[in-house]
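Q: Structure incoming, see below.
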Amino acid sequence: MNATRVYLSPPHLGGDELSLVQEAFATNWVAPIGPHVDAFEREMAARLGVAGAVALSSGTAALHLALVINGVGPGDQVWCASLTFCGSANPIAYVGATPVFIDSERRSWNLDPALVAQGLDDAARAGRLPKAIISVDLYGQSADYEPLVAACERHGVALIEDAAEALGATYRGKPAGAFGRCAILSFNGNKIITTSGGGMLLSNDQRLCDEARFLATQARDPAPWYQHSRIGYNFRLSNVCAAIGRGQLRVLDERVNARRRLNARYRDLLSGLPGLTFAPDLDHLPGTRCTRWLTVIQLDPKNARATPEELRLALEAENIESRPVWKPMHLQPVFAGCAFIGGGVAEELFMRGLCLPSGSSLSESDQDRVVTILRHHLDGGA
Ligand SMILES: *Cc1c(COP(=O)(O)O)cnc(C)c1O
């Protein structure tokens, strides 16, 4: 077995993180408040062209707060893309609301805008509109927002963008993280940039950001003693972690370009294998560019010489990490019995998909190891 493990998407630090962290130590701002937190929020808001940003302890916490500040609670429905990580859906349960999962479209793998539009029309007629819709920008590809935003606006439903996997992407000239009433980002260790762990809530509505910041710091009323009129949370990002995030933001464009290069090289080196295709993108739309956070392949069982699981095990035997596509939320035991709108698209993408090592620091020689194994198992002549 080869000694060095190849990870799916490991952290990739730039040149400035350590000196920024040292500055946090030197100034004794080792707390969930401080100048790096403020600067990280300002710099991210400027980068994404949104009015406000609130740095938080995780992407999941950011989504939790996004639901709270949009007034979602028990008895409300929240519609959510089914093909996603559980961090998109668990916050619906945290606030006591009822999830309804929506199928993917094949063009972007994200929320199917036709299903959402039709579903909202039907729900409006039945007098049972959802309180919010969570759209996900999967694997670095933004959802198709033009029709999604139009459908949500027609019915006055809050759109919340889970851009955890898509920082650095654009859709029709606008950055991922700038859509909907609120958006969230994640800086977990496997995301395109990391703070070790962390997240952010973004909105053009400054009052929503103020409320999120208030709730994230235990909801302290303006009084000299600790007084509380609402249930708050301890969700703020550490100033030390924000220092890492500021350094990472400086290299975001390089990280996006590196992941896109890797993807192009995979396409080149794996071309012509029977039954193998790559996740689609919307890059043909003007001003639209995905990040290729992860390179994902699909294997058509009719033509492919191996299943995704056989490939995953073959890679693992060579100390290479790969991962199935997210198992849809409507198929998760924990969400059994929840409503689902759609057909079998998300399920098929899950059954046929495999995420390949995609870290921006992946060397060509390690990528070649992946390619050799895949070609060995998939080549029609073999
Ligand atoms: C990573 C991720 C999250 C959650 O982010 P954390 O910072 O890990 O809590 C939410 N949604 C999606 C789609 C993700 O990939």
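Throughout, read-outs are computed from the coordinates displayed, never taken from laboratory work. Nothing here was measured: the structure is a model prediction, and the numbers come from that model. With ideal geometry, Cβ positions are generated from the backbone for all residues, glycine too; neighbour counts draw on all protein chains shown.
Q: Looking at the P(r) of the range 126-205, how many percent of alpha-carbon pairs lie beyond 15 Å? Spell out each step's value before the answer.
A: Details: 1738 of 3160 pairs.
Summing the P(r) of the range 126-205 above 15 Å gives 55 percent of all pairs.
Q: Here's a follow-up. Rounded to whole Å and ordered largest first, report the semi-axes of the equivalent ellipsoid of the range 213-318 derived from its Cα gyration tensor (root of 5λ). Walk me through the numbers before you get to the answer.
A: Numbers: eigenvalues 413, 73, 45 Å².
Whole-Å semi-axes of the equivalent ellipsoid: 45, 19, 15.
Q: At 0.36 nm per residue, minus the direct Cα-Cα distance, what do Gln22 and Asn204 gain on full extension? Give it in nm, one decimal, please.
A: Details: separation 182, 0.36 × 182 = 65.52 nm, distance 3.24 nm.
The Gln22-Asn204 span can extend by a further 62.3 nm.
Q: Taking H as built 1.01 Å from N, whose amide H comes closer than 5 Å to the amide H of Ile341, not counting residues under 5 places away?
A: Sorted by chain and number, the residues that satisfy this are Phe101, Ile102, Asp103.
Q: Additional query: Expressed as a rounded percentage, what relative contact order does the range 140-216 have, with Cα pairs under 8 Å and six or more residues apart?
A: Numbers: 117 pairs, mean separation 17.5, N = 77.
Value for the range 140-216: 23 percent.
Q: How do the peptides 254-265, 310-321, 200-211 rank, highest first, by the average count of neighbouring beta carbon atoms within 10 Å per residue? Show your work: numbers first, answer last.
A: Working: 254-265: 18.6, 310-321: 16.4, 200-211: 20.3.
For the peptides 254-265, 310-321, 200-211, the packing ranking is 200-211, 254-265, 310-321.
Q: Sort 294-307, 44-57 by packing, meaning the average of other beta carbons within 10 Å per residue, with the highest value first.
A: Numbers: 294-307: 19.0, 44-57: 21.2.
By packing density, highest mean first, the sequence is 44-57, 294-307.
Q: Return the whole-Å distance between the Cα centroid of the range 344-375 and the Cα centroid of the range 284-322.
A: The range 344-375 and the range 284-322 have Cα centres separated by 3 Å.
Q: Can you tell me the order of 160-173, 218-231, 364-377 when each peptide is scored by its average per-residue count of other Cβ atoms within 10 angstrom, highest first? Before the final figure, lay out each step's value.
A: Working: 160-173: 25.5, 218-231: 10.1, 364-377: 16.1.
Listed from highest to lowest mean packing, they are 160-173, 364-377, 218-231.
Q: Quick one: Cα centre-to-centre distance for the range 139-206 and the range 1-66, in angstrom?
A: Using only Cα atoms, the two centres lie 17 Å from each other.
Q: Could you give me the radius of gyration and the Dmax of the chain, taking only the C-alpha atoms into account and expressing both in angstrom?
A: Just the Cα atoms of the chain yield Rg and Dmax of 21.1, 76 Å.
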